[in-house]
Structure formats: C-alpha cells, structure tokens
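Take a look at the structure set out below.
Every number in this text was worked out from the coordinates using simple rules, so none of it is lab data. Everything numeric here is computed off the predicted structure, so don't read it as measured data. A quick note on method: Cβ atoms are made from the backbone with ideal geometry, for glycine too, and the neighbour counts reach across all protein chains shown.
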Amino acid sequence: MADNNDINRLWEELEQITSGCHKCPLGSTRTNCVLGCGDRKADIMFVGEAPGENEDLSGIPFVGRAGKLLDKYFEAVGIERDSVYICNILKCRPPQNRDPLPAEEEACIGYLRQQVRLVRPKIIACLGRVSGMKLIDPNLRITKDHGKWVKKGDFWVTVVYHPSYLLRPNAGAREQMLTDMKSIKSKLDELRSEN
Ligand code: URA
C-alpha cells in the first residue's frame, strides 16, 4: 500500500493536473478549478454536481447558499464539516449553473475516481440527482431513491436531495433530508465501530 509521502505526492499531482485541465471547454471559462476540500482521510465523501459562482470564485466547494444549508444539516446531525471530504462530479463551473453535459462528466470523472482512491472513504454520499445518476444508477429517481443504501465494491453509497433544491419552498423534502442525513450519521457510526 502507498505510504503518506506517496499519497501526498499523488494529491499534489492531481491538484496540478486539474488546475491546468482543458479536457473540456469549461477549462476556458472557469476562474478556479474546484477540486475538493476537507479531510483527505475522511470516512465519508460528499459528492455534489458542479461548482457554482461562489465556488468558482473561491476554489472551494459548497461555500454559497447551498453550502450554508448543507452546513446546517451537518450541524443538526452532529457531523463536523472539517471531518468529511467534499467535492463534485465536475471540477469547473458550467455557464449559468446549467446541468453538466455527459461529455463534461466523462472528461472529469477520472479525477473523482482518483480522489476516491486516495481518500478511501467508507461512505460516498451523493448530493442530488446528477451525482446519484452518475455514481449509483443512471435511472435513479431522487424522489423515490433518496436515503437508500447500496454497497458498491468497498463503499456504501447513498443519495440525498441537493441542498440547492431544498432552498426552494419545499418543506417536505427538508424533513426527508434531515431523516436521510441522520441515517448517514448512523451508518458512519456503525461502520466506524466495526474497526
Ligand atoms: N452545488 C454543487 O453541486 N456543488 C457546489 O460546490 C456548489 C453548489
């Protein structure tokens, strides 16, 4: 297995490659490449869709309104934001925050795979439909499938509502989000206690 020096070197390599990436046209419109943030040895990885305006400007995922709402859910269920790793399917902002195109997802997915190999989380939690469709099932329906768990290789994977969706007036989904986030915290505690 790779030692800490190897792992740090691989992270540096990944940062260097992604910050200069032009595999798709978003490379020419971004301000910053948004690779990820948080604990690189986290037991859980949250994967959103793509950076928005605030993320593009700061280079950090989930720092805008959706991120603030996500932070509230972390707090509500007792998860420290610094103890998780957060990233997105796309590392660059799509214009006007439109949905990622399949070609953009394909160009970028190798970077996420490398992040997963380096972090080696126990849980991958997809934030929203786009991430769930890419990482769990292309036919996923968020209203039906949110909160379900699947084992994929070494990882437990789930999908929850995207915080941006919860910013719309939709109290029902907010309650379901709280239930799903509690389920994530329980799974995390359960898997940690197995070690
Ligand atoms: N929405 C996302 O999917 N990711 C971010 O980083 C911010 C908003």
Q. Where a Cα-Cα gap under 27 Å defines reach, which lysines qualify for K23, not counting those fewer than 8 residues away within the same chain?
A. K91, K134
(Q) Defining a contact as two alpha carbons under 8 Å apart and six or more residues distant in sequence, what relative contact order in percent does the stretch 4-194 show? (A) 23
Q) How many percent of DSSP beta bridges within the stretch 90-193 run antiparallel, rounded to 5? A) 45
Q) With each pseudo-label sitting 7 Å past Cα toward Cβ, what's the S193-S28 distance in nm, one decimal? A) 5.5
Q) Antiparallel DSSP bridges in the chain: what percent, to the nearest 5? A) 30
Q.
Please list, in order along the stretch 185-195, the HN-Hα scalar couplings obtained from phi with the Karplus expression 6.51 cos²θ - 1.76 cosθ + 1.60 (θ = phi - 60°), rounded to whole Hz, x for Gly and Pro.
A. 5, 5, 4, 4, 4, 4, 5, 5, 6, 6, 8
Q: Specify the inter-centroid distance of the stretch 1-43 and the stretch 63-99, based on alpha-carbon positions, in whole Å.
A: 17
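Mind checking the full-extension length gain between T143 and K185? Use 0.36 nm per residue of separation minus the Cα-Cα distance, one decimal, nm. Working shown, then result.
Values: separation 42, 0.36 × 42 = 15.12 nm, distance 2.06 nm.
So the chain would gain 13.1 nm between T143 and K185.
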(Q) Which residues among the stretch 121-154 fall inside the zone where the amide N is under 14 Å from a point 7 Å beyond the Cα of L10, along Cα→Cβ? (A) 121
**Q.** Model label zone, R168; criterion: amide N under 13 Å from point 7 Å along Cα-to-beta-carbon; scope the stretch 119-151
**A.** 129, 142-143
